[in-house]
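Just so you know, all these numbers are worked out from the coordinates, no wet-lab data involved. Predicted model only: the values in this text are computed from it and were never measured. Cβ coordinates were reconstructed from backbone atoms using ideal geometry, including for glycine residues, and neighbour counts include every protein chain displayed.
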Amino acid sequence: MIKLYKKIMCFSLILFIILLQLSVQSVFAAFDDSYLTWDGRPATLREISTNLGYGNDMLDASGNYQPFYYAAAKDLWERGLMLGSDGTFNLDKPLTRTEGVIMTLRLLGKEQEALNARLPCQFRDVPEWAQYQVAYAAANGITSGYSETVFGAGDTMSANQYITFVLRAMGYRDNIDFTWDKAAEFALEINLIGKPCKEQYMRSNLFLRDNVAIISYNALFRAKANDGTALGDVIVTRRPEGTLPYATLNDRTAAENARQEEIPDSPASDSSDTNVAFGKPSGLTVIFNYTSGILTSANAKYILIVNDNYSGPIEITITAGSGRTTHTVNVAGRGTYNLSYIFYIDAARETVIPGTPARQIITGTDPITGAPRYTIVPGTPEIRVPATPISNRITITSGNSSFTDNISITGNIVGVSAN
């Protein structure tokens, strides 16, 4: 009976662990592309990615949306402008009207003023945490509701709607400088967005918090406001408390699962002396990503080579420039395994030497009329000196094995994440 009891208890424990693992993995959320359109017709995320010339780069291995602009979201978070919730930026989610209003106030440097004003909110559908901000925005003509009592707090914003908010914050005027239904076209003219994004926003309804991050970042530091300044020069920011959020809920879940994984209690679980090596696959190994002509990130591929029959997790650390991350790869014996990373880049700026305008100088006086005579002195053209490429060192290690690489780019790699 005792042996039978022990067997039952052991089986129950194993079953509990399996169910627990399944419950953790079930948290992964699939991207819903059922609402997406291209030129007014239903389209999948994969089709939109292909139409924009990205191939499958918009999708991760599971077919979910893969954020492009985590580096921009990280920079905004460091300045207290994009905070996220529950440990994630939710970059794969649409933007609500409430979120759009709050981001606009932050770009204007007015959120704290809105909180201090404590204006009563007339809209019944605005959540309590956002009532002061929405009430302030409505009172100051930044936004309006559907009616006196309905704001549409949870409704999603389109790209043109959010860009309109941002352009207003930059001092541009509706129906004078731009029209809201063609806001993306004007945004391209002032380098607020790039050509692929303009195509995405004008031909599809795919607009996510990922896009909000890069538009907001460009409004602060890339594009010029109507008065020639940059919004980032005039607002006061402060780093928030806490830990940098993950890009998406799925990224957070994957990280939590990796921390919770227990290595099996067997000699084969110790990977410290496993015979591994690293290398580069054949073909194109680095793809550079640009936003409004500025280098922002790169997708890099490497390979892990396992030379023995070890099966289980292998911990890998990669250092790229000043970025560093550690992740786990599960292997099943001898073979080659793909490694994929995203490098986040702080692009070097070209040097601009301003030109001088043509000017008139007085060279004498007309002997008959007494009027001055002028000569035109030609001006000088603006000179642009391209940024000098910088060699960024890449180091990948696991146990006693290491691999180094160098990538020459016009900028510094400041972050890295396993993809």
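Quick notes
- For the range 413-419, putting each phi into the Karplus relation 6.51 cos²θ - 1.76 cosθ + 1.60 with θ = phi - 60° gives couplings of 6, 10, x, 8, 9, 6, 10 Hz, in residue order, rounded to whole numbers and with x for Gly and Pro.
- Net charge, ARG239 excluded, C-beta distance under 10 Å - Lys, Arg +1, Asp, Glu -1: 0
- Among the chymotrypsin sites (Phe, Trp or Tyr not before Pro) within the range 119-151, those in coil by DSSP and having at most 12 neighbouring Cβ atoms inside 10 Å are TYR146.
- Pairwise centroid distance, computed over Cα atoms, of the range 196-224 with the range 42-75, Å: 13
- Separation between Cα centres of the range 88-163 and the range 374-419, rounded to whole Å: 39
- Of the residues MET170, MET103, the one with the fewest other Cβ atoms within 10 Å heads the list, and the complete ranking is MET170, MET103.
- Estimated Rh, the range 91-200: Kirkwood, alpha-carbon pairs, angstrom: 14.5
- Relative to the Cα centre, the charge distribution of the range 173-249, modelled as +1 at Lys and Arg Cβ and -1 at Asp and Glu Cβ, gives a dipole magnitude of about 200 debye.
- Toward the positive end of the charge dipole of the chain, with +1 on the Cβ of Lys and Arg and -1 on the Cβ of Asp and Glu, the farthest Cα among PRO389, LEU244, ALA255 is that of PRO389.
- Among LEU304, LEU81, LEU107: highest mean-square fluctuation, GNM of the chain, C-alpha pairs under 10 Å: LEU304
- Cβ charges +1 (Lys, Arg) and -1 (Asp, Glu), total dipole of the range 118-271, debye: 640
- Computed FRET value (nearest 0.05) for ASP174 with TRP129, which takes r as the C-beta separation and R₀ as 35 Å: 0.75
- Global form of the range 75-130, assessed from the alpha-carbon gyration tensor, a/c cut-off 1.5: oblate
- Residue order, fewest to most beta carbons within 10 Å, for VAL329, VAL101: VAL329, VAL101
- Amide H contacts under 5 Å for ILE303, placed H, 5+ residues apart: GLY279, LYS280, LEU339
- Rounded if a/c under 1.5, otherwise prolate or oblate - the chain, Cα gyration tensor axes: oblate
- Each residue of the range 40-48 was assigned a 3J(HN,Hα) from its phi angle through the Karplus expression (A = 6.51, B = -1.76, C = 1.60, θ = phi - 60°), giving x, 10, x, 8, 8, 4, 4, 5, 5 Hz with x at Gly and Pro.
- Sequence-distant residues sharing a close amide H with SER204 (under 5 Å, placed H): ASP39
- Under 5 Å between amide hydrogens, built in the peptide plane, is the criterion, and for ASN275 it picks out ASN307, ASP308 among residues at least 5 positions away or on other chains.
- Per residue of the chain, the DSSP helices (runs of n ≥ 4 H) give a summed -39500 (n - 2.57) that works out to -8500 deg cm²/dmol at 222 nm.
- For the chain, with +1 on Lys and Arg beta carbons and -1 on Asp and Glu, the positive-most of ILE368, GLY415, ASN90 along the dipole: ILE368
- For the chain, lysine pairs separated by 8 or more sequence positions, or belonging to different chains, with Cα-Cα distances below 26 Å total 17.
- Loop GluC sites (Glu not before Pro), the range 87-177, which have at most 15 other Cβ atoms in a 10 Å radius of their Cβ (DSSP): GLU148
- Candidate membrane-span-like segments in the chain, meaning DSSP H helices with Cα atoms spread over at least 27 Å of their own axis and a Kyte-Doolittle mean of -1.0 or above, are 2-25, with no membrane implied.
- CYS121, CYS197 arranged by Cβ crowding within 10 Å, fewest neighbours leading: CYS121, CYS197
- Charged-residue dipole, Cβ positions (Lys, Arg, Asp, Glu), the chain about Cα centre, Debye nearest 20: 380
- Of ASN400, ASN56, ASN160, the one that fluctuates the most in a GNM where the chain has Cα springs shorter than 10 Å: ASN400
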